[in-house]
Amino acid sequence: MITRRTLAASALALAGTPVVARAVTPAKTRPIVIAHRGASGERPEHTLMAYELAITQGADFIEPDLVPTKDGHLVARHENEIGGTTDVAARPEFAGRKTTKTIDGEPVTGWFTEDFTLAELKTLRARERLPQLRPANTKFDGREAIPTFEEVVKLAKAKGVGVYPEMKHPSYFAGIGLPLEARLADALKAADLNSADAKVFVQCFEAEPLKTFGRLSKARRVFLVSDGPGPSLSMLSADGLQQVKGFAEGVGLEWSLVVMPQGMPTYIPHKAHELGLFVHAWTVRAENHFLPPILRNAGGPAAHGNVEVLLNELFCWGADGVFSDFPAIAVKLRDRGCVHLPEDPS
């Protein structure tokens with residue numbers, strides 16, 4: 001458990017002072033660092049500049065979330081609603097495109113990629129999604145267009161890193177005639193990234209699209225599970241993980257399903273490893289706003305907390321990979337190696 005005492009001990013440990021080791025569930029191989037939407041803590045997310053910075057910082061994989069355009073191209077956006085990540089709201093020629101849609105059962109109002117051709121989307125410019133938490137990133141607003149998946153893959157291959165695309169809202173897009181699975185499989189084949197040993201992981205929160213994708217491509221698949229209400233949590237039982245093994249090679253777990261906010265490990269990585277599944281944890285962010293109270297520092301929600309402690313615990317307790325908005329920090333902790341923190345005797 002992370003307490004004030006172990007937090008203080010961890011600071012010493014991460015500085016190089018030896019502490020008493022405790023038992024851990026090791027990762028199967030050297031953990032990878034996945035740049036979540038690029039180095040999105042330091043540049044506007046899903047821009048080529050964010051991906052380029054992440055690669056410079058040592059990330060092993062860059063992550064493009066994928067949504068389609070009206071004419072069927074895959075582009076890198078976290079959501080198909082782009083009012084919060086582009087300047088579309090300030091573009092009078094697109095004012096009439098604003099609408100409300102039901103996405104995965106929830107009403108969403110804004111502008112949607114599926115209502116724009118790629119040529120139209122390319123006239124927009126990206127901007128910071130979280131300006132209140134990342135004000136320094138706003139100086140990069142307006143500099144770049146929305147990248148296509150092909151552009152992201154081209155960059156990754158040129159720099160020798162992997163790509164980790166997510167199929168966003170696949171059931172919704174299938175329902176409007178823009179299914180993602182075949183488009184993604186075709187794009188990977190065109191880039192010669194169709195093999196099981198290619199530097200590719202394909203992730204999704206839905207099982208059926210992963211099954212469909214598996215019939216079209218040999219790329220490795222990752223079933224995503226969040227720590228919240230929903231049917232996917234039931235897949236983390238021993239029987240559920242056995243089912244996951246039938247359509248994915250790994251599980252992508254919200255970090256609190258690997259290490260609880262109090263710092264106690266869960267059983268899930270151990271069970272997954274026993275079944276031959278790898279475990280990737282998402283998403284580690286440095287700001288106080290995203291950290292459990294015990295790891296927050298003074299300075300308000302935007303200030304950076306003790307994120308190194310969380311990363312260390314994830315690497316110690318079985319994460320084969322970690323998603324982070326700050327890949328430089330994650331790479332440093334991964335390369336430092338797991339520091340076994342002392343048990344709190346109190």
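Read the figures in this text as sums done on the coordinates, not as results from a lab. No experiment lies behind these values; they were computed from the predicted model shown. All Cβ positions, even for glycine, are placed from backbone atoms using ideal geometry, and neighbour counts span all protein chains on display.
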Legend entry - ³J(HN,Hα) computed for each position of region 122-135 - Karplus, 6.51 cos²θ - 1.76 cosθ + 1.60, integer Hz, glycine/proline x: 5, 7, 7, 10, 6, 9, 5, 7, 10, x, 5, 9, 10, x
Legend entry - Positive-end residue, the chain charge dipole about Cα centroid, Cβ charges, pick of Pro31, Val258, Thr117: Pro31
Inset, instruction - Mind grabbing the base-10 log of I(q)/I(0) for region 116-183 at q = 0.13, 0.17 Å⁻¹? Debye formula, identical points on the C-alpha positions, no solvent, two decimal places. - result: -0.57, -0.93
Inset, instruction - May I ask you to compute the full-extension gain from His340 to Lys139, defined as 0.36 nm times their residue separation minus their alpha-carbon distance, rounded to one decimal in nm? - result: 68.4 nm
Inset, instruction - Have a look at region 231-329 and give its Rg and Dmax from the Cα atoms, expressed in angstrom. - result: 14.3, 46
Inset, instruction - State the percent of C-alpha pairs, over all pairs in region 87-139, separated by a distance greater than 12 angstrom. - result: 71
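How large is the translational diffusion coefficient of region 128-167 in µm² per second when you combine the Kirkwood radius over alpha carbon pairs with Stokes-Einstein at 20 °C and 1.002 mPa s? Please list the in-between numbers first.
Numbers: Rh = 12.2 Å.
Translational D for this selection: 175 µm²/s.
Pop out the Kirkwood hydrodynamic radius of region 103-239 from its pairwise C-alpha distances, inverse of mean 1/r, in Å to one decimal.
Working: mean 1/r = 0.0578 Å⁻¹.
After inverting the pairwise mean of 1/r, the radius is 17.3 Å.
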Inset, instruction - May I ask for log10 I(q)/I(0) of the chain at q = 0.08, 0.13 Å⁻¹, from a Debye sum over the Cα atoms as equal point scatterers with solvent left out? - result: -0.38, -1.02
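Compute the Rg/Rh shape ratio of region 192-267: radius of gyration over Kirkwood radius, all on alpha-carbon atoms. All intermediate terms of the calculation are to be shown ahead of the outcome.
On the way: Rg = 13.4 Å, Rh = 13.2 Å.
Result: Rg/Rh = 1.02.
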Inset, instruction - Could you pull out every residue, at least 5 positions away or on a different chain, whose amide H is within less than 5 Å of the one on Asp65? Hs are placed 1.01 Å off N in the peptide plane, and Pro or chain starts have none. - result: Arg77, Glu166
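Going by average Cβ neighbours within 10 Å, how do the peptides 102-109, 326-333, 158-165 rank, with the highest at the top? Can you show the working numbers first?
Details: 102-109: 10.4, 326-333: 23.6, 158-165: 19.0.
Output ranking for 102-109, 326-333, 158-165: 326-333, 158-165, 102-109.
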Inset, instruction - Determine the gain in length on full extension of the stretch His289-Ala95; use 0.36 nm per residue of separation and subtract their C-alpha separation, reporting nm with one decimal. - result: 66.5 nm
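Highest first, please rank the peptides 171-178, 217-224, 306-313, 63-70 by the mean number of other Cβ atoms sitting within 10 Å of their residues.
Working: 171-178: 15.1, 217-224: 22.2, 306-313: 25.4, 63-70: 23.8.
Descending packing order for the listed peptides: 306-313, 63-70, 217-224, 171-178.
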Inset, instruction - Report, in debye and to the nearest 20, how large the dipole of the chain comes out about its Cα centre when Lys and Arg carry +1 and Asp and Glu carry -1 on their Cβ. - result: 520
